[in-house]
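Everything below concerns the one structure shown next.
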Amino acid sequence: MQCEECGKKPATVHIIKIENGAKTDMHLCEQCAIEKNPINLKANFSVQDLVAGLLKSGNKGPFKVDIVHEAKCNVCGLTYSKFKAAGKFGCSNCYKVFGDRLNPLFKKLHGNIIHTGKLPNKAGSKIKLVREIEKLKQELNTAVMNEEYEKAADIRDKVRELNSMEQEEHNGQLD
């Protein structure tokens, strides 16, 4: 696609401008984009340059910029960016303050967000069975939500089978 302004160079910049509810698309070459754009686009710009340009543009453009303050622990003063850089918390309250951001991190590191620990082979069979049933029930809910009904039926059958095994094991202990 050629630049819509000069018609000579290939268009490498796509600008979408919305004014009074009217949307305008422009496909420009780098040079025409620098001349035409109110954000002051440079050939190699950073995110900081983009944000600074948006802030400097003031009321000129259809931009809305909200300044979001970074979450900070009210006990030790640690910010999330400092935690990411250091890899460790300042205090136990940091877990509460940054909790919503930690679950994906824990899931990536440990494969789960719930601590399961280790179980002895002999005594842990019932607990393992209960955990397997709970895991399958979660998978069943996900399959139903995703409308994967054949998969859901297979999981349902496994849950029923494990429930009957649990019941037999429970009855065997009572005798």
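The values are calculated or read from the model by the stated rules, or taken from the named source; none is laboratory data. Given the structure is predicted, the values throughout are model-derived calculations rather than measurements. Every residue, glycine as well, gets a Cβ built from its backbone with ideal geometry; the counts of neighbours run over all protein chains shown.
Taking the options Lys72, Lys88, name whichever one is assigned by TED's automatic domain parsing to the domain that holds Asp100 and either modelled with pLDDT of 80 or more or surrounded by fewer than 10 Cβ atoms within 10 Å (Cβ to Cβ) (or both).
Lys88
Can you tell me which residues in segment 1-23 are out of contact with any Pro (no Cβ under 8 Å at 6 or more places or on another chain), at pLDDT 80 or above and in a strand (DSSP E or B)?
Scanning segment 1-23 gives Pro10, Ala22, Lys23.
All but one of (1) modelled with pLDDT of 75 or more; (2) at negative phi hold for Lys60, so report the exception by its number.
Failed condition: (1).
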